[in-house]
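Have a look at the structure below, then the notes.
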Amino acid sequence: MASNYKIKNPNGLYFITFATVQWVDVFTRSIYFEILIDSFRFCMKEKGLEIYSFVIMSNHIHLVAKSTKEPLQNIIRDFKKFTSVKIISEIRNNPQESRKNWMLWIFGSAGKNNPNNINYQLWQQEYHGIELFTNEVIETKINYIHQNPVRVGIVENDFDYIYCSARNYAGKSGVLDVIVEY
């Protein structure tokens, strides 16, 4: 992980981004989204993860988050490890996954080339964690996150995208209960 993106302040609020290897569009089926959402819920309940904003795109995730218990970098590491194993298993065992061979080949190749993995690698090794210091920067990052699905043409309004906290900020129910104040 590049030193510029290390989480240094254990009490800090961070803008975090992590992506799949080779930017593979994995998150196009509801089962994969559900694995991610359930894992976030677990981390929020058991590990002290506080999410202020998020979006899950087809090949990457953005968060504004901090932790009140475990170190944030450990939560991200554990989240990536658990979801990788779970999603790879789902890809392997899903007879309806038409992209199975192609995705497993890419993730298998990435895993073989990374001494930190045994078989497969779903997520890129590093993540970007940028500490947020001012309300203006926090608001800018939250808006950036919420506009991701709009910018790529998935939805017209940010609150229409289910896997994004823009719904929470618009007063609608979301798939995750996020903290809408900062």
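Quick note: the coordinates plus some simple rules give every number you see, no bench work behind them. Keep in mind that this is a model prediction, so the values were computed, not measured. Positions of Cβ are generated from backbone atoms using ideal geometry, with glycine treated the same way; all protein chains shown enter the neighbour counts.
Structural remarks
- Other residues lying with their Cβ under 14 Å from the Cβ of Leu13 contribute a combined charge of -2, Lys and Arg counting +1, Asp and Glu -1.
- Of Leu36, Leu132, Leu72, the one that fluctuates the most in a GNM where the chain has Cα springs shorter than 10 Å: Leu132
- Contact order relative to length of the stretch 3-169, as percent, for alpha carbon pairs under 8 angstrom and 6 or more apart: 31 percent
- When the chain is treated as a Gaussian network with alpha carbon springs shorter than 10 Å, the biggest mean-square fluctuation among Ser53, Ser67, Ser30 belongs to Ser30.
- For the chain, built as a Gaussian network whose Cα springs stay under 10 Å, the top-fluctuating residue of Trp105, Trp123, Trp23: Trp105
- By the helix-only formula, in which each DSSP H run with n ≥ 4 contributes -39500 (n - 2.57) and the sum is divided by residues, the chain has a 222 nm mean residue ellipticity of -13000 deg cm²/dmol.
- For Val26, Val137, Val55, the sequence from fewest to most other C-beta atoms within 10 Å is Val137, Val55, Val26.
- Rounded to 10°, Cα long-axis angle of helix 100-112 versus longest principal axis of the chain: 80 degrees
- Counting only residues at least eight positions apart within a chain, or on another chain, the aspartates and glutamates with an alpha carbon under 20 Å from that of Lys141 are Glu50, Glu126, Glu131, Glu156, Asp158, Asp160, Asp177, Glu181.
- Helix 135-151 axis, angle to the chain major axis (alpha carbon atoms, nearest 10°): 40 degrees
- Given Lys47/Lys112; Lys8/Lys69; Lys6/Lys47; Lys47/Lys81; Lys8/Lys172; Lys86/Lys112, the pairs whose alpha carbons are separated by over 26 Å: Lys47/Lys112; Lys8/Lys172
- For the chain, the longest principal axis of the Cα atoms and the long axis of helix 72-93 meet at an angle of about 40 degrees.
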